[in-house]
Structures are given as structure tokens and as C-alpha cells.
Amino acid sequence: MVENSQIQLVENLLPTTPALNRFVKPNDINNLVAQYGTPLYLIDEETLHAKVKELHKAYSKFVGPLKIAYSVKANFSPAIIRTFITDGITFDLTSVGELHFIKRCKAIPYNAIYTSVTEEFEEYLEVLRTGIRKVVVSSFNGMTNLAKAAEKIGVKVPTMIRVNPEVGVKAGVRASYRNGKFGVPFNGGTIDSAPKLIKHLMNNELLRFEGFHFHLGSQITDFSCFIHALDKMDGFMTRMKKEFPTFQVNTFDIGGGTPILYSEPVPSPTQMAEYLVPRLNQLASSHGIFELMIESGRFLVAESSMLISKIVNTKEFSEHKIVILDAGYHLLLDAALLKQEYPQEILSLPNDKGKSTTMPTKNIHLAGRLCDTYDVFPLSKSSFLGGAEVGRYLSFYNVGAYSLVFNMPFHCQIKPPVIMKTSKGDFKLVRKGTSYEGLFMEEGGDII
Ligand SMILES: *Cc1c(COP(=O)(O)O)cnc(C)c1O
């Protein structure tokens, strides 16, 4: 019986292989590169809407209310923020800068959730003035600053505690580890621990205990860490209920981590939710219904975007060919930082008449334009680089998360334009590229 259910679980988690999101036709790419040049980012609005729907649907079996928060840090493009506002989701913010962005896009701040690492008094003043009413604290000092800000503004603030479940996480980026910088542990004798923060919140005039938050990491493909964290949460909630008869969790935020396709196929959000929701429902039945918050950056935006670059140089050796692009890690930092294997593809455009495959993909090494050893692009298992010749175009897929936000001027490089394919099917310039002269002035070129 037990064995059967384990087999069932493994089958449920068999990854699906989605096709690459080729949302722009070769003819349109031809026209866009003729007009805007390369490198060029393209965003598909329809994919953004579809991802929100997919995430909602995945968690539909949760017994309580569900809220999805877009983690703005993954991509702060105002065009993307505005798209998500029309989907009615809320925002997960980590800085006053991100708060400024959602305000300027006219998001309703009330439901946004604010989780910073800095937790300063001035920051919280701004957050509360803007109308955010869900603040996550991560330290005793942070909680004290929030209470001071609440007193000054004259509001009682629903306050969540970011816990660090200290569970092992297998993922591209880990945020839960012993004595880590994020959150407070369930145990531990110091004031920076969950029991001590709750004790303070239970007797606080200015802050009201609202619930818990954890964030285990990004690009999580083994979901057992969530189950371990929820098990620990369960035990901790039981302990707190004994200590404080009025203890009640209204909101429970399980953070981000939903994975997307780079090289290996990954489980879908539905498969992830099939794993998590039964445990979350159990938690709700033992401790009372809470609102479930799912945060997502990567999943909501990654597949919506591609980066078009041009092959500008090549050199051939006996064993392999080096293909040099007009892009570099100043546009896709995670290729260097995390060795992220973005799927790449040589585009077949109407102008490429007669050009054909010369070398198998595995013998091609992709490199960027920067004079830096780390400026190379690891290949994905979904990459196709046959026909990589000077003058042809190459597309990086699934670059919507943690790429455009890292754009940097290393080597005096400028920011490429960003085009959105709107749900109506037309192409809209949503970010102008920058210029060398603009960069020169920004760097104080006119200060003599
Ligand atoms: C970065 C971050 C997220 C988003 O993670 P993804 O893996 O991109 O979904 C969510 N919550 C917090 C607190 C984060 O720091």
C-alpha cells in the first residue's frame, strides 16, 4: 500500500517537456531586427496572462482563499507590472524602489506583501504611508522599526513573521539554510527567533500577528523541502497555540520557487501543487483556515521573454567552433553567475536563403562579446545551434526572469530596447534602448 502510493507520487512528478515558446514568427523577427537592431528583448503579454491562470488553477484544490503575488524582483518592467495588474494579482516587494514602480503603475498597494532584508524605520514609514498592510518582519530589530513606523502613521499593522525552516533545499538558488540571513529560526534562544517575535506581537498595541512567510529558494525541482518545512511549521503552530490561546494564523505565504524549463524538463505547477496542497489542507484543518499566498517571480515571467542576438564573429578549430554574439552576460548575468543553460536556437529567417547546418550543436561553443573569461553561454539540452554563421540571428528563450533587471554597462554596453507583443497581436516598444552618449552623461561625462 505504502509502496503503491510512493509509485503514484513519482509518476505524478514525472516532468513534462513543454515546447519552447516561439511566440514571434520569423517574418516579424525579421522586421523587428531591421527596425530596432540587436540585441533585442521580446516579451509576450499573452504568456504572462497564461502563467497567472496556470498558477491559479494549480492551487484550486486548496480549501481556503488563495492569493498570488508577483515577485517584482524577477523583472521590474512596468509593462509586465501593468499586465499583472489587469490579471488582478498582487505584488511581492522587497524594496522602496519596487514600491515606487508599482505605485507609478497604479497598483492597489493594500494587498501587496512587503518583505525586505534591510527592515529600516524610514523604509517602513514609506511602506505604511503608501497603504501596504501586509509587512513581513525578519528580525527583532525590524519588528521594532515597524512598530515605530506604525505609531508614527497611526495604524495597527498586520505583521507576518518570516521563518527560516532550516530545511535542505535542492534548487538553483537556496534561501533556507542553517543560520542563514533570511528569516528567523523556530528555535534558538536569542530575540531573533520565531517564538520571541510572536510573544512580542501577541502583546503589541501597534502590530497584530497576521501569519507566517517562508521562501525556500528559486527553481526548486524537488518539492520534499516544502513538505519538511510544512511539517516543522505544523509542530511550531501546535506549540504556539498551547502558549497563546488566541494564536491564529490568517495568512500563510509559502514563497516562490516554482521552476521553469532551462535544460532539463521540470514538473509543472499542477504537479507541484498536487504534492503540496494535501499537506496545506491538513494544516488548515488542524489549525484553522488561512489565506494561502503563493509568490512567484521566475515562473510568471521567464517563459514570456526571448532575447534576440546576432552572430558577429566565429572561429573554427579542429574539434569545435567558437560562435561570438553581440550579447553577453551584461544581458544574461545568470549564464555566468549560475551557469544557467538558457535554451538557444539559430533562427531561420526569410533572409537566410541557402544557409545550412555545418556542425552539430555539441561542437559549438557560444561566447559573448565581453572581454571576460566568464562571458560564455552554457548550452541547454533544448538548444539548436546548427547553421551558426556570421550574420545569422540566435534566440535565447525563457529569459524573462532575472535577466533584464541585471542589465549593466560593463564595457560601456547600453541597454537594448524591449518590445512587447500585446494580447492584440501588435508589437509595442515598452523600453527604449539607451545610448552611448546617455551612458557617458550618466557617468558624469559633463562634469569637468
Ligand atoms: C525571490 C523571491 C521570490 C521569487 O522566487 P521565484 O523563484 O522567482 O519564484 C519569492 N519570495 C521571496 C521572498 C523572494 O526573495
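The values are calculated or read from the model by the stated rules, or taken from the named source; none is laboratory data. A quick note: this is a predicted structure, and the numbers were derived from the prediction, not measured. Here Cβ is always computed from backbone atoms with ideal geometry, including for glycine, and neighbour counts include all displayed protein chains. Side chains included, ligands, DNA and RNA excluded: accessible areas come from the protein's heavy atoms. Shrake-Rupley method; radii C 1.70, N 1.55, O 1.52, S 1.80 Å.
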Q. Which of the residues that make up segment 50-95 are within 16 Å of the ligand (Cβ to nearest atom), open to solvent by 50 Å² or more (accessible area, probe 1.4 Å) and assigned to a helix (DSSP H, G or I)?
A. Glu54, His56, Lys73
Q: Just give me the residues in segment 112-125 being surrounded by fewer than 18 Cβ atoms within 10 Å (Cβ to Cβ) and farther than 22 Å from Ser176 by Cα, in sequence order.
A: Glu120, Phe121, Glu122
(Q) Which residue is nearest to Ser268 (Cα to Cα), if the candidates are limited to segment 280-299 and must be within 16 Å of the ligand (Cβ to nearest atom) and either of a type in the set (A, V, I, L, M) or touching a helix residue (DSSP H, G or I) at 6+ places or on another chain (Cβ under 8 Å) (or both)? (A) Phe299
Q. Is it the case that some residue within segment 230-241 is surrounded by fewer than 17 Cβ atoms within 10 Å (Cβ to Cβ), out of contact with any Cys (no Cβ under 6 Å at 6 or more places or on another chain), at pLDDT 95 or above and under 29 Å from Pro378 (Cβ atoms)?
A. no
Q: Go through (1) β-branched (Val, Ile, Thr); (2) surrounded by 18 or more Cβ atoms within 10 Å (Cβ to Cβ); (3) modelled with pLDDT under 95; (4) within 14 Å of the ligand (Cβ to nearest atom) one by one and return the number of the condition Val167 breaks.
A: (4)
Q | Residue that is surrounded by the fewest Cβ atoms within 10 Å (Cβ to Cβ) [pool: residues in segment 294-333 that are aromatic (Phe, Trp, Tyr) and out of contact with any Phe, Trp or Tyr (no Cβ under 8 Å at 6 or more places or on another chain)] | A | Phe317
Q. Would you say Gly255 is closer than 22 Å to Val136 by Cβ, open to solvent by less than 10 Å² (accessible area, probe 1.4 Å) and not aliphatic (A, V, I, L, M)?
A. yes
Q) Does Gly328 qualify as being within 16 Å of the ligand (Cβ to nearest atom) and either in a loop (DSSP other than H, G, I, E, B) or touching a strand residue (DSSP E or B) at 6+ places or on another chain (Cβ under 6 Å) (or both)? A) no
